[in-house]
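Okay, so here's the structure we're looking at.
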Amino acid sequence: TIEFKIVQDADRLDAMGAIGIARAFHYGGFKNRPMYIPGLPHQEYPDSTAYHKSDAPTIHHFYEKLLKLKDLMNTETGKKMAQERHDFMLLFLDHFYSEWDPDQR
């Protein structure tokens with residue numbers, strides 16, 4: 001139903017953008033995960049159970065889930081909002097990497 005699609009978009013939007021970034025690092029800290037480990041490859045998980053058992057660094061969460069959300073949106077409004085938040089997350093990652101290793105730029 002359209003109502004389900006709207007609620008699903010809202011849930012996905014909550015995981016994106018500035019609030020989504022804050023939530024990701026908060027949860028990573030709660031789980032005692034490192035923020036970032038340079039050179040550690042990103043994972044693809046066979047199922048949600050394996051994903052939830054992961055102890056990968058928080059930055060990996062962006063590639064394993066958060067940056068994929070914009071392509072899963074259902075509604076036109078959700079797609080527009082997701083694009084803006086997606087772009088912000090990419091900007092954040094660019095800044096994160098440049099602060100982590102200024103020579104990386």
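The values are calculated or read from the model by the stated rules, or taken from the named source; none is laboratory data. Just so you know, these numbers come straight off a predicted model, no measurement behind them. Methodologically, a virtual Cβ is constructed for each residue, glycine included, from the backbone with ideal geometry; neighbour enumeration extends over all protein chains shown. With ligands, DNA and RNA removed, areas are computed over all heavy atoms of the protein, side chains included. Shrake-Rupley method; radii C 1.70, N 1.55, O 1.52, S 1.80 Å.
Observations, loosely collected:
- Residue count for segment 39-65, restricted to those that are in a loop (DSSP other than H, G, I, E, B), free of Cβ contacts under 8 Å to residues at least 40 places away in the same chain, within 23 Å of residue 9 (Cα to Cα) and touching a Phe, Trp or Tyr at 6+ places or on another chain (Cβ under 8 Å): 1
- All positions within segment 1-39 that are among the aliphatic types (A, V, I, L, M) and either open to solvent by 100 Å² or more (accessible area, probe 1.4 Å) or closer than 22 Å to residue 70 by Cβ (or both): 2, 6, 7, 10, 13, 15, 16, 18, 19, 21, 22, 24
- Residue 36 fulfils the conditions (1) part of a loop (DSSP other than H, G, I, E, B); (2) closer than 28 Å to residue 1 by Cβ except for a single criterion, (2).
- Candidate set: segment 66-105, residues that are part of a loop (DSSP other than H, G, I, E, B) and loosely packed, with under 15 Cβ neighbours inside 10 Å; chosen: the one modelled with the highest pLDDT: 101
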